[in-house]
Amino acid sequence: MVTIKLLAYMYLFFVVAGAVTIVILLYLRYLTNRAFKVMLRMVDANRDCNYDLARFLPNVQGLVKVVEIDEVFYEITYGESALSKAYGGKRQTVVREISRPDYSIRLGIIPLSPRGYQKYIYMIVFETLFLLIEMDILMRIKVTNDAFYNFSKLQAFLLHDVKNVTQFIRSLLFNVDRTEGVDREHKLIEYLRESTPALKVRTDKILGTLEIGVAKGGNGEEKQEVDVAGLIRELFDLHSVKGEVTGKGSVLAENHLLVTVFDNIVKNIREKSVAEPGLRCFASVSEKDEALQVTIGDTGSPVKEIGRMFEPFYTTKGSGLGVGLFQARHIVKNMGGAMTAANTDRGVEFTISFVKAGRGANPAEGAAA
């Protein structure tokens, strides 16, 4: 009889304990769901603020109230930026700090209730908020560092051509000062004739680079009808590229901009031909209605990541800067045209199209809208 009663009590105990455990688990699930909802709202708010802490942090206060956090305070520094919200009270706080060479974070919260089950939920939200803040700072630092790095590469790109032009001018001045007699004057003139095409390409590239991102006005070079097929032939000769240019056509444009566009393409083919001696180049120019289409390609190997050809600062060459083709397509787009690259049966082909309509207008206005 005693054994039966003992078993009954044990059965009742396990039933009650199981029921209590289920209630606790359901309540923990409820608390966890509340925390996850707040975490998702914070992530969405951070994204809506474009990961800008100055905009994001003022919105946090309203989001964390639901998880028993009464107030959020912080001291954050990164780069030249500093954000702070002070707390001068004496209530119990939860604080976390981190200090790195590039940034420092001190984040604190004031919970409404110190109860254990409430601490479980607000600490989850607190840790998530801290990680979001650190992620935003690291993103800003990376973007800033990349910007400085890319700017230095662009600066090196410009300085390379500027240096060549400067050296030419200095050597010219040196020779002019020492030119005496008809023979030497004749040699100087012949030297100028031979050097002018290369010098013109350099100066046109510099002008084309400086045009990027600059609003067009009436201060640029006067537009003229440029013989595109003839220009490409000149660049083939200048870079010693073996190839044939077929067709004919002209476009109204600033000459130095077209030189920049086609020189970047031909120069890339020339550098490729060093590694592939049997490579040949081909180009065709055709006019149809009010459009001019140019195709330039080579018979060499395909480009593995052809979709990234025009990505700024992307290059497959060990010494390349990765701005030439980006610059070329930018110019074409500003002229109202389009530029693409593709691997074809013949090889790698660049296709450039120009709209010839509205010759009395500025062709660069096509991309202004």
remark   = For the range 108-113, in residue order, the Karplus 3J(HN,Hα) values (coefficients 6.51, -1.76, 1.60; θ = phi - 60°; whole Hz; Gly and Pro = x) are x, 9, 10, x, 6, 9
task = Neighbouring Cβ atoms within 10 Å as the yardstick, rank Ile69, Ile76, Ile22 fewest first.
result = Ile22, Ile76, Ile69
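Laboratory data are not the source of any read-out in this text; all were calculated from the coordinates shown. What you are looking at is a predicted structure, and each value in this text was computed from that prediction instead of being measured. All Cβ positions, even for glycine, are placed from backbone atoms using ideal geometry, and neighbour counts span all protein chains on display.
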